[in-house]
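The block underneath contains the structure these notes are about, expressed in structure tokens.
The values are calculated or read from the model by the stated rules, or taken from the named source; none is laboratory data. Since the structure is predicted, the reported quantities are computational estimates derived from the model, not experimental observations. Here Cβ is always computed from backbone atoms with ideal geometry, including for glycine, and neighbour counts include all displayed protein chains.
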Amino acid sequence: MSRHVVAAASEIPPGGRKLFTIKGRPIAVFNLGGEYFGLLNRCPHQGGSLCEGVQTGLLTSPSPGEYVSSRGGEILRCPWHGWEFDIRTGQSYCEPDRIRARQYPVEVAAGVEAALLVAETIPVSVEQSYIVVDV
């Protein structure tokens, strides 16, 4: 697995997302309240662009006529056919035992640590944190 510095953490605000191509793979990085998650930008159902999907919450029904909304912004709905995926785990809510969106580990590295991941031949200074994706 190789590591890639893809962006400054400040480039993806809470609730935001950004699409990157890493080693030929389209990877969408999501910021959920300061935690970052990476998903392959292809719906496993029929290949829709997950990064273009709607972020929503989870709606459950503990009893008939009663609805509870939770996990705001943590569920991603594919724009093609509406299949829903948990951004944190990639789990599908349409076929949870069989289908998942491919995940990629994402971490926020301090500027000095992230600078070590980039081959540089000139002196650099790092003044902020960067998002790092493991592929």
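Once the range 88-135 is narrowed to residues that are farther than 19 Å from I12 by Cα, among the small types (G, A, S) and at pLDDT 75 or above, the residue that is surrounded by the most Cβ atoms within 10 Å (Cβ to Cβ) is A101. Look at G73 and say whether it is touching a strand residue (DSSP E or B) at 6+ places or on another chain (Cβ under 6 Å), assigned to a strand (DSSP E or B), surrounded by 15 or more Cβ atoms within 10 Å (Cβ to Cβ) and among the small types (G, A, S). Yes, satisfied. Pairs linking a residue in the range 1-15 that is over 12 Å from A109 (Cβ atoms) to a residue that is of a type in the set (A, V, I, L, M) and in a loop (DSSP other than H, G, I, E, B), with Cβ atoms under 9 Å and 6 or more positions apart or on different chains, are M1/V135; S2/V135. The test for being touching a residue at least 60 places away in the same chain (Cβ under 8 Å), within 24 Å of R77 (Cβ to Cβ) and crowded, with 16+ Cβ neighbours inside 10 Å does not hold for L32.
Pull up the range 35-61, narrow it to residues that are of a type in the set (S, T, N, Q) and in contact (Cβ under 8 Å) with a residue 12 or more places away in the chain, then point me to the one that is surrounded by the fewest Cβ atoms within 10 Å (Cβ to Cβ). The selected residue is Q46. Look at (1) at positive phi; (2) out of contact with any Leu (no Cβ under 8 Å at 6 or more places or on another chain) and you find that S63 fails only one, number (1). The criterion of at least 2 residues that are β-branched (V, I, T) and at pLDDT below 95 is met, among strands (runs of 3 or more DSSP E) falling completely within the range 1-64, by 3-8, 17-22, 54-63.
Just name the residue that is surrounded by the most Cβ atoms within 10 Å (Cβ to Cβ) out of those in the range 16-29 that are of a type outside the set (A, V, I, L, M, F, W, C) and touching a residue at least 40 places away in the same chain (Cβ under 8 Å). The extreme case among them is R25.
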